[in-house]
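Working notes, beginning with the structure itself.
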Amino acid sequence: MRRAIFYNCLASVLLFGFVCSCTDSPKNKRKDTYSSGNITFASDESFSPIIDEEIYVFESIYREAKLTPIYTNELDAVNLLMTDSIHLAITSRRFTEQELENLQARKFRPVSIPLAYDGLAFIINKENTDSCITVSNIKKILSGQVNDWSQIVPGSKRGEIQVVFDNKQSSTVHYCVDSILGGTPINSPNIFAARTSKEVVDYVEQTPNAIGVIGSNWLNDKRDTTNTTFNRAITVMSVSKMEVATEMNSWKPYQAWLLDGRYPFVRTIYALLNDPINGLPWGFAHFIEQPKGQLIIFRAGLLPVRGDIVVRPVNVNDSY
């Protein structure tokens, strides 16, 4: 009788252990490694051109890896990460202190990895010849103090300034609120959000009085490998830190001007990682920050975080 009770108890313990092993933490259900497997991750939609290029090269090197991006707004990307639905998010900010505390309290070890620098670009219709603007006027437009072209260009007949963003929860909106307006909400009656960066470009192309706000990685003409030609369908505004914007004191978001600080609106692109097994999310994020991934960033017209980049002045002699 005692022996039967003993074996019954032993069987119960073994069964309990087996069930626990089958219902262990989510990390044990994953089969991806540093360079293989299938994962889904999230990215702010404004970074989709460069992320698509990184995925293409990564998968061509690591044939057993499959990466599926969710292109969404920055808020939703981070929320997916915080709820353990994904383990990698590409954003324009680090973890907040509250987010770090939340994840660390759950025994996670979140990491923020800087990947690249991106310029926040302001684009206008090709018919609009008023392509220089000051930082001060951009602040006034976003805050609602200025809403007509004649207020920044005396005598202009273009009428109301229509400002369009990619998404109301995107990283471009957050940058404008936090870094340009100092935390003050955008307050212009003539500002609205499209759904994607492509829709911003399309809208500006068709609207003579519009200003679009997008990441500079959407601007480059892919036919030009020098990264000095922007999309010919629109005009990229030159921005000045001075009180009056002129062609001589205003700058476009070229790599050189992002590097030396002449262009005023530069943001950092981060990989936010919360990957307990250091699997494929880690592998892809580290690929982007390593030489091959950084070269892709450079060729796309953004500024790599890593690498010795030197800007040299060149004197052109056109006397002959």
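Every number in this text was worked out from the coordinates using simple rules, so none of it is lab data. Every value quoted in this text rests on a predicted model; they were computed, and no experiment measured them. For neighbour counting, all protein chains shown are included, and Cβ atoms are generated from backbone atoms with ideal geometry for every residue, glycine included.
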- Task: For every other residue with a beta carbon closer than 15 angstrom to the beta carbon of Val204, add +1 if it is Lys or Arg and -1 if Asp or Glu, then tell me the sum.
- Result: -2
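Please report the net charge: other residues with Cβ closer than 10 Å to the Cβ of Ser240, K and R +1, D and E -1.
So the environment of Ser240 carries a net charge of 0.
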- Item | Phi-based couplings in Hz for the range 91-101 (Karplus 6.51, -1.76, 1.60; Gly and Pro marked x) | 9, 10, 8, 7, 5, 7, 4, 5, 5, 4, 4
- Message: Against the empirical 2.2 N^0.38 Å scaling, what ratio does the C-alpha Rg of the range 255-301 come to?
- Response: 1.44
- Message: If you take every residue apart from Ala193 with its C-beta less than 9 Å away from the C-beta of Ala193, what net charge results, scoring Lys and Arg +1 and Asp and Glu -1?
- Response: +1
- Message: Taking θ = phi - 60°, what integer Hz values does the Karplus form 6.51 cos²θ - 1.76 cosθ + 1.60 yield along the range 70-80, in sequence order, with x for Gly and Pro?
- Response: 9, 8, 8, 8, 4, 4, 5, 4, 5, 4, 4
- Averaging over all projection directions, find the projected area of the Cα convex hull of the range 136-271 and quote it in nm² with one decimal place. 9.0
- For Ser238, the residues 5 or more places away or on another chain with a placed amide H closer than 5 Å to its own amide H are Cys132, Ile133
- Task: Kindly provide the GluC sites (Glu not before Pro) of the range 98-167 that DSSP labels as loop, not H, G, I, E or B, and whose Cβ sees at most 13 other Cβ atoms within 10 Å.
- Result: Glu127
- Using r as the Cβ-Cβ distance of Asn38 and Ser179, and R0 as 30 Å, what FRET efficiency do you calculate, to the nearest 0.05? 0.25
- Message: Need the list of lysines near Lys139 for cross-linking: C-alpha distance under 28 angstrom, and skip anything on the same chain fewer than eight residues off.
- Response: Lys126, Lys157, Lys168, Lys198, Lys241, Lys252
- Dipole size in debye (nearest 20) for the range 70-209 around its Cα centre, Lys and Arg Cβ +1, Asp and Glu Cβ -1? 180
- Task: For the range 257-267, take each phi angle, set θ = phi - 60°, evaluate the Karplus expression 6.51 cos²θ - 1.76 cosθ + 1.60, and give the result in whole Hz per residue in order, putting x for glycine and proline.
- Result: 7, 5, 5, 8, x, 5, 7, x, 10, 10, 10
